[in-house]
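Notes follow the structure.
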Amino acid sequence: MALIEIRDLARAYELDSGRVVALDGVSLDIDEGDMVAVMGPSGSGKSTLMNLLGCLDRPTGGLYRLAGVPVETLDKDGLAALRNRRIGFVFQQFNLLPRTDALGNVELPMIYAGVDRRTRREKALRALARVGLSERAHHRPTQLSGGQQQRVAIARALVNDPSLLLADEPTGALDSRTALEILALFQELNREGVTLVLVTHDADVGRHARRVVRFRDGRIVEDRRQEPLDARVALEAMTRETAA
Amino acid sequence: MPLIEAFRSALSAITANALRSGLTMLGIVIGVAAVIAMVAIGSGARNLVDQQIRSLGANLAVITPGNVTQGGARLGAGAASTLTDEDALAIKREIEGVTAAAPFVRGQAQVVQGAQNWSTGVFAIDEDWFVAREWSVAQGREFDPDEIRRGEIVVLLGQTVARNLFGDEDPVDKTVRVRNVPFRVIGVMAPKGQSAFGQDQDDAIFVPLDAGRRRVIGRNYAKDRSVGSVFVKFEREEDIAPGIQRIEALLRQRHRLGADQENDFATRNLTEIANTAAASANTLSWLLAAVAAVSLMVGGIGIMNIMLVSVTERTREIGLRLAVGARPRDILGQFLIEATTLATLGGAVGVAIGVGAAYAVANMAGWPSLVSPEAIAVAVLFSGLVGVFFGFYPARRAAALDPIEALRRE
Ligand SMILES: Nc1ncnc2c1ncn2[C@@H]1O[C@H](COP(=O)(O)OP(=O)(O)OP(=O)(O)O)[C@@H](O)[C@H]1O
Ligand SMILES: [Mg+2]
């Protein structure tokens with residue numbers, strides 16, 4: 001069964017200057033364990049789709065089922081619970097709490113899940129270990145590099161064991177090497193079973209996904225599967241080059 | 001979100017902007033300090049009145065001789081006393097609700113015992129004194145009516161005098177010399193402590209009225225039967241005011257004053273004086289209460305303002321929290337707790353300052369310090385309520401934020 005099922009999903013904004021259709025009747029299934037790159041020009045509706053997939057926004061038309069749950073039927077608290085347990089977000093700007101250390105940031109979703117303090121600490125440390133940041137647990141965001149901050153954000157997204165990881169331009173603020181490291185991490189997580197949808201402008205980033213969905217003017221114009229590049233291989237090549 | 005987490009997050013937000021938080025708390029600090037000081041001063045004043053009444057005797061009026069006009073020339077007060085012990089007797093006999101009328105004369109004398117001598121106040125009294133002042137003996141006995149009538153040369157010592165002249169010895173049946181007259185000590189008065197005006201009331205001796213007038217205090221009083229003042233004790237507090245009016249009529253009649261003549265005596269309701277003192281302390285209390293109310297209000301608005309700023313500054317944080325699963329009510333709770341923590345911290349600082357001020361005022365006024373734990377609890381609780389009340393609107397705004405809009409905000 002598909003983890004994500006959307007049918008004729010639409011999102012329009014009513015503005016004084018007229019109606020803006022950001023998403024114009026999109027139908028899409030995404031299977032569990034897939035890794036999908038959502039691509040397309042600026043303004044084509046990629047972020048709009050992600051917000052709808054992440055239950056941060058409500059569609060103006062169409063249907064959306066996440067793991068069989070019809071999202072339209074949920075109220076605000078129901079959506080919050082769904083985001084909390086089933087979805088992890090990774091943002092371009094990381095969005096870490098500035099006054100809180102890495103560990104505290106990773107614990108945040110579990111606070112809202114009502115997880116007790118000890119378990120929270122254990123799971124957060126495990127999530128940080130998973131993204132390779134065990135020694136940075138007590139660093140604040142300002143004491144971390146961009147790549148490290150994004151790893152913390154990924155650990156935070158993973159900590160409640162979500163079925164779906166949504167990343168809107170996760171490498172947009174990173175240099176190409178760090179971006180590759182993050183992609184390698186994503187691929188590793190995907191191999192472990194995490195379903196991933198990531199938005200990118202960058203065709204090189206898109207090459208690392210199993211499936212590419214291309215948008216234009218709020219509609220899907222291309223949907224294809226591909227053999228993904230392995231980010232680890234590219235990283236090793238890069239390391240060799242620098243060494244030489 | 002569990003309370004403890006919200007509280008931790010609140011503390012971290014407050015300390016992150018320590019200066020701003022401190023300035024924001026100022027209104028609450030002043031308000032609470034004023035509340036604490038108000039309550040302390042109010043109850044201090046009430047206590048003072050109680051103490052005054054207790055040490056003087058309840059339901060007491062005092063009559064003093066006043067302006068004597070002789071042939072158009074007004075003589076100074078006390079030049080010749082117009083009040084006699086017969087007036088006192090008449091008051092006791094004829095005025096309803098009077099339980100005692102104690103005439104007395106006050107003087108000063110050197111009391112000698114062996115090699116010791118002590119200068120002290122001398123009260124020439126009659127047996128009503130003990131009733132009016134609610135003051136009896138600790139050792140020995142009171143004067144009996146015969147001793148008073150005959151003006152016998154016996155004396156009761158105040159505690160301070162007894163201690164200074166006799167130390168640990170029992171003074172009863174010993175002799176002391178006052179103005180070279182040997183007085184036999186028949187007892188020692190019970191300790192009374194300080195008067196409302198800070199005098200040691202135990203630093204005095206007491207002799208029968210006539211003995212005092214004739215032998216100790218001076219000829220002025222001995223000639224006629226005049227006295228220095230009369231304490232009049234009433235049965236009930238509400239008897240005092242009408243009783244005083246009747247006493248005035250009685251005395252005018254006894255002193256044969258014409259309708260155009262002023263009173264040659266003065267009456268004072270001591271309970272009323274005590275109540276007036278309490279009333280002015282009450283006025284101060286109300287003033288402080290007004291200051292407290294205004295500054296709690298201003299403090300509350302300050303908190304609301306700073307919380308609105310904080311919500312705006314932390315819009316992205318709110319968006320992020322919503323994205324990772326916070327419900328609107330979690331956000332509401334978080335900001336409410338932050339406002340309440342801020343206000344309560346302000347309240348705690350205010351309590352500290354208020355307690356300090358209360359002690360300072362009590363010290364200056366010579367009251368016992370009266371900071372009640374209840375007042376502290378109420379003040380802290382109240383400042384917390386101010387936080388909840390004024391924090392609610394900003395918290396509501398935070399909780400109503402749209403997660404996407406919030407995340408997009410810079
Ligand atoms: N809150 C909004 N109000 C009005 N119009 C909006 C709003 N959000 C998005 N839009 C419009 O919806 C369309 C799609 O926007 P969206 O953010 O999904 O684009 P995008 O594909 O993510 O672009 P980019 O690659 O630049 O991030 C755009 O035309 C945009 O102007
Ligand atoms: Mg976008």
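A few comments on the model shown:
- Set side by side, the residues B:Ala339, B:Ala357 differ, and just one is touching a residue at least 24 places away in the same chain (Cβ under 8 Å) and open to solvent by less than 10 Å² (accessible area, probe 1.4 Å), which is B:Ala339.
- If you go through the stretch A:172-188 and pick out every residue that is touching a residue at least 40 places away in the same chain (Cβ under 8 Å) and either touching a helix residue (DSSP H, G or I) at 6+ places or on another chain (Cβ under 7 Å) or under 24 Å from A:Asp24 (Cα atoms) (or both), you end up with 8.
- Look at (1) of a type in the set (Phe, Trp, Tyr); (2) away from ligand 1 (no atom under 15 Å from the Cβ); (3) closer than 22 Å to A:Gln149 by Cβ and you find that A:Tyr64 fails only one, number (3).
Here is a yes/no grid of residues against (1) assigned by TED's automatic domain parsing to the domain that holds B:Val155; (2) among the basic types (Lys, Arg); (3) touching a Leu at 6+ places or on another chain (Cβ under 9 Å):
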position: B:Phe206; (1), (2), (3): yes, no, yes
position: B:Leu209; (1), (2), (3): yes, no, no
position: B:Arg214; (1), (2), (3): yes, yes, no
position: B:Gly218; (1), (2), (3): yes, no, no
position: B:Ser229; (1), (2), (3): yes, no, yes
position: B:Val232; (1), (2), (3): yes, no, yes
position: B:Glu235; (1), (2), (3): yes, no, no
position: B:Ala241; (1), (2), (3): yes, no, no
position: B:Leu251; (1), (2), (3): yes, no, yes
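- Checking B:Leu336, B:Leu381, B:Leu320, B:Leu345 one by one, the residue that is part of a helix (DSSP H, G or I), under 24 Å from A:Leu82 (Cβ atoms) and either in contact with a Phe, Trp or Tyr (Cβ under 8 Å, 6 or more places away or on another chain) or assigned by TED's automatic domain parsing to the domain that holds B:Asn17 (or both) is B:Leu320 and no other.
- Selection status of A:Ser47, within 16 Å of ligand 2 (Cβ to nearest atom), at the interface with chain B (Cβ under 10 Å from one of its Cβ atoms) and within 19 Å of A:Glu222 (Cα to Cα): yes
- Unique match (being within 16 Å of ligand 2 (Cβ to nearest atom), of a type in the set (A, V, I, L, M, F, W, C), without any contact (Cβ under 8 Å) to a residue 24 or more places away in the chain and open to solvent by less than 70 Å² (accessible area, probe 1.4 Å)) among A:Val20, A:Val38: A:Val20
- Number of residues in the stretch B:245-280 that are among the aliphatic types (A, V, I, L, M) and either farther than 30 Å from B:Arg214 by Cα or open to solvent by 50 Å² or more (accessible area, probe 1.4 Å) (or both) equals 7.
- So B:Val351, is it in a helix (DSSP H, G or I) and under 18 Å from the mean Cα position of the chain (by Cα): no
- The lone criterion from (1) more than 18 Å from A:Ala167 (Cα to Cα); (2) within 8 Å of ligand 1 (Cβ to nearest atom) left unmet by A:Ser44 is number (1).
- Within the stretch A:214-224, the set of residues being among the hydrophobic types (A, V, I, L, M, F, W, C) and surrounded by fewer than 23 Cβ atoms within 10 Å (Cβ to Cβ) comprises A:Ile220, A:Val221.
- Residue match in the stretch A:143-157 (condition: more than 16 Å from ligand 2 (Cβ to nearest atom), in contact (Cβ under 8 Å) with a residue 40 or more places away in the chain and over 30 Å from A:Gly114 (Cβ atoms)): yes
- Residues (polar (S, T, N, Q) and either outside any helix (DSSP H, G or I) or under 15 Å from the mean Cα position of the chain (by Cα) (or both)) located in the stretch A:175-232: A:Gln187, A:Asn190, A:Thr195, A:Thr200, A:Gln226
- Among the residues here, A:Thr73 does not qualify as within 14 Å of chain B (Cβ to nearest Cβ), of a type in the set (Ser, Thr, Tyr), more than 16 Å from ligand 1 (Cβ to nearest atom) and out of contact with any strand residue (DSSP E or B) (no Cβ under 9 Å at 6 or more places or on another chain).
- Test: residue in the stretch A:90-109 that is within 18 Å of the chain's Cα centre (by Cα), touching a residue at least 60 places away in the same chain (Cβ under 8 Å), open to solvent by 30 Å² or more (accessible area, probe 1.4 Å) and more than 9 Å from every other protein chain (Cβ to nearest Cβ): yes
- Exactly one residue out of A:Ala167, A:Ala184 is more than 16 Å from ligand 1 (Cβ to nearest atom) and either under 25 Å from A:Glu5 (Cα atoms) or hydrophobic (A, V, I, L, M, F, W, C) (or both), and it is A:Ala184.
- Test: residue in the stretch B:264-279 that is under 45 Å from the mean Cα position of the chain (by Cα), more than 14 Å from chain A (Cβ to nearest Cβ) and closer than 25 Å to B:Gly31 by Cβ: yes
- Residue count, the stretch B:359-385 (criterion: under 17 Å from B:Ser295 (Cβ atoms) and within 20 Å of the chain's Cα centre (by Cα)): 1
- When the criteria are applied in full, A:Leu125 fails the requirement of being open to solvent by less than 30 Å² (accessible area, probe 1.4 Å), more than 16 Å from ligand 2 (Cβ to nearest atom) and farther than 20 Å from A:Glu5 by Cβ.
- Filter result for the condition that a residue is away from ligand 2 (no atom under 16 Å from the Cβ) and either under 25 Å from A:Ala137 (Cβ atoms) or surrounded by 19 or more Cβ atoms within 10 Å (Cβ to Cβ) (or both), over A:Thr178, A:Thr200: A:Thr178
- Given (1) within 16 Å of ligand 2 (Cβ to nearest atom); (2) open to solvent by 40 Å² or more (accessible area, probe 1.4 Å), number of the condition A:Asp31 does not satisfy: (1)
- Being closer than 25 Å to B:Ile4 by Cα, facing another protein chain (nearest Cβ under 10 Å) and not basic (Lys, Arg) is a property that A:Gly54 lacks.
The values are calculated or read from the model by the stated rules, or taken from the named source; none is laboratory data. Quick caveat: nothing in here was measured; it's all calculated off a predicted structure. Please note: Cβ atoms are built from the backbone with ideal geometry, for glycine as well, and neighbour counts cover all protein chains shown. In case anyone asks, the SASA skips ligands and DNA or RNA and just uses the protein heavy atoms, side chains included. Shrake-Rupley method; radii C 1.70, N 1.55, O 1.52, S 1.80 Å.
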